[in-house]
Amino acid sequence: MNVWLCPSVCSQFEFRKARKKINGSKQVPGGVLRSPSNTSTSRRDPMAAAGEEPRQPRAPSFTRGQSFDLPNMLDESQILSYDHLCKLAHHLPNSVVGCSWKLAYGTDVHGISLRTMYRNMRDLEGPILLAVRDTADHIFGVLSSTQFRVSDKFLGNGHCFLYTFHDSLNLEIFTWTGENDFFVKGDPDSLCFGSGDGVFGLWLDENFFCGSSCKCKTFDNKVLASEEQFHIKSAEAWCFRHHA
């Protein structure tokens, strides 16, 4: 698998400055990532999806669209506003209703490293909510039934979904189609969600510098970000804590 890396820099501060400039081109799944005004539209990925044989959809053990209060936030989100939280809360599983939201990883808090995210989630269980903001200020992400970790196969179950916000606050959710079980897969240098025919529903690089999003068989999703290939402004992963 060909995975591009961010330019090496002397310090995290200089690296963050380099991220904002977004100069040059980078190789990402789906083609060449150019400046935001001239982004490739190729959908193909160099790595074919791998995983278990498809199974029939499992009936969710929770009901979406419930009515409950906004969850207690133990940390402040730099991506999700009050309105975003309200909309997402209505699509979470029953198992986390009433739980407090705890920031497990955030690029603005813990630095820009996928390995740090994996380390922070070592003792956590799912579900995990991932929120990403690209440099066009488009917000999207994943609800994963399991924590993010390096694995040799896809993990998770049919409770996973992808989501995106259109026009800032119009939430669209993409649930499991039953076509395959390619939900979540972590590698040392990338993290992906959903797959099929060599493309990913969402793919993120090891330094949270850029990613790609394509329609995939797992979720039959639209492109989640502002473009198929995008640069990342910030990312957060939230876990859920039950009250004692």
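Here are some notes:
- Of the strands (runs of 3 or more DSSP E) contained entirely in segment 74-166, those carrying at least 2 residues that are open to solvent by 10 Å² or more (accessible area, probe 1.4 Å) and in contact with a Leu (Cβ under 8 Å, 6 or more places away or on another chain) fall at 100-106.
- Odd one out for SER144 among (1) free of Cβ contacts under 8 Å to residues at least 12 places away in the same chain; (2) within 20 Å of LEU224 (Cα to Cα): (1)
- Where strands (runs of 3 or more DSSP E) fall entirely within segment 194-244, those with at least 1 residues that are in contact with a Cys (Cβ under 8 Å, 6 or more places away or on another chain) and within 16 Å of GLY106 (Cβ to Cβ) are at 199-205, 229-241.
- Search result, residues across segment 177-188 that are in contact with a strand residue (DSSP E or B) (Cβ under 7 Å, 6 or more places away or on another chain) and either of a type in the set (S, T, N, Q) or open to solvent by 10 Å² or more (accessible area, probe 1.4 Å) (or both): GLU179, ASN180, PHE182, LYS185, ASP187, PRO188
The values are calculated or read from the model by the stated rules, or taken from the named source; none is laboratory data. Only a predicted model underlies this, so the values are computations on that prediction, with no experimental measurement involved. Neighbour counts are summed over all protein chains in view; Cβ atoms, including those assigned to glycine, are modelled from backbone coordinates with ideal geometry. Remember, those area values only see protein heavy atoms, side chains included, never the ligands or the DNA or RNA. Shrake-Rupley method; radii C 1.70, N 1.55, O 1.52, S 1.80 Å.
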